[in-house]
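Only one structure is covered here, and it is reproduced in the block below.
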Amino acid sequence: MSDGARGAEGADEPAAWAEVERRWGEPAIHQAYVARFNDLAAIAIAGRRYRDALAARPGDPVALAMKEALLRKATVLGLAQLPRSAPPRVPERGWRRRALLLAASTLASALAWTVWRMFGGRGP
């Protein structure tokens, strides 16, 4: 059994579940039982317990609510375990436009210089 399946007070999971079944109508005991589990393997154990309770008592609102709470907790823990990576580098916007403007202005300057040399750059 995983470390997450052991409570802070040292009681093992089967004894804790027996206490939950004995005090089934008390929401606090269910919340304390679910709060004991801190890893996915242990949450699976608790989820199995509530799934079996639903099989024995179909539609039980307490078992449905706790199963939903365990699914939320497992989702959060699972997402927290995903590796984090830096977002992809986005190239600077507008660099093509600036390069095209530079090329066009260079070409226009060269053309203007050539026309000036051909028609106005020579003396009388």
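Residues in the stretch 8-17: is at least one surrounded by 13 or more Cβ atoms within 10 Å (Cβ to Cβ) and either in contact with a Ser or Thr (Cβ under 8 Å, 6 or more places away or on another chain) or free of Cβ contacts under 8 Å to residues at least 12 places away in the same chain (or both)? Quick ask: steps written out before the conclusion?
Let us first name the residues in the stretch 8-17 that are surrounded by 13 or more Cβ atoms within 10 Å (Cβ to Cβ), namely 11, 13, 16-17.
Next, only the ones that are either in contact with a Ser or Thr (Cβ under 8 Å, 6 or more places away or on another chain) or free of Cβ contacts under 8 Å to residues at least 12 places away in the same chain (or both) stay: 11.
Checked against the condition, which is being surrounded by 13 or more Cβ atoms within 10 Å (Cβ to Cβ) and either in contact with a Ser or Thr (Cβ under 8 Å, 6 or more places away or on another chain) or free of Cβ contacts under 8 Å to residues at least 12 places away in the same chain (or both), the stretch 8-17 yields at least one hit.
The single residue among G78, G94 that is touching a helix residue (DSSP H, G or I) at 6+ places or on another chain (Cβ under 7 Å) and open to solvent by less than 100 Å² (accessible area, probe 1.4 Å) turns out to be G78. Taken over the stretch 61-75, the criterion of being more than 20 Å from P14 (Cβ to Cβ), open to solvent by less than 100 Å² (accessible area, probe 1.4 Å) and not polar (S, T, N, Q) is satisfied by P61, L64, A65, E68, A69, L71, K73, A74. Which residue, of A41, A53, A28, is closer than 23 Å to A80 by Cβ, without any contact (Cβ under 8 Å) to a residue 60 or more places away in the chain, of a type in the set (A, V, I, L, M) and not in a loop (DSSP other than H, G, I, E, B)? None of the others qualify; the one that does is A41.
When residues of the stretch 58-78 are filtered for being farther than 11 Å from L40 by Cα and among the aliphatic types (A, V, I, L, M), how many remain?
Narrowing the stretch 58-78 to residues farther than 11 Å from L40 by Cα: 58-69, 72.
Among the residues that remain, those that are also among the aliphatic types (A, V, I, L, M) are: 62-66, 69.
Going through the stretch 58-78 one residue at a time, the tally reaches 6.
Would a scan of the stretch 104-112 turn up a residue that is open to solvent by 100 Å² or more (accessible area, probe 1.4 Å) and either over 30 Å from I29 (Cβ atoms) or of a type in the set (V, I, T) (or both)? Yes, the stretch 104-112 has at least one match. N38 meets each of the listed conditions (1) touching a Gly at 6+ places or on another chain (Cβ under 9 Å); (2) modelled with pLDDT of 90 or more apart from (2).
Here is a yes/no grid of residues against (1) more than 43 Å from the chain's Cα centre (by Cα); (2) under 30 Å from N38 (Cα atoms); (3) modelled with pLDDT of 85 or more:
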position	(1), (2), (3)
G78	no, yes, yes
P88	no, no, no
P91	no, no, no
R98	no, no, yes
L102	yes, no, yes
T106	yes, no, yes
L111	yes, no, yes
R122	yes, no, no
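Within the stretch 23-60, the set of residues being hydrophobic (A, V, I, L, M, F, W, C) and open to solvent by 50 Å² or more (accessible area, probe 1.4 Å) comprises A28, A32, A35, L40, A41, A55, A56.
The values are calculated or read from the model by the stated rules, or taken from the named source; none is laboratory data. The structure presented is a predicted model; accordingly, all values stated were derived computationally and were not measured. Neighbour counts run over all protein chains shown; Cβ positions are idealised from the backbone, glycine included. Note: areas computed on protein heavy atoms with side chains; ligands, DNA, RNA excluded. Shrake-Rupley method; radii C 1.70, N 1.55, O 1.52, S 1.80 Å.
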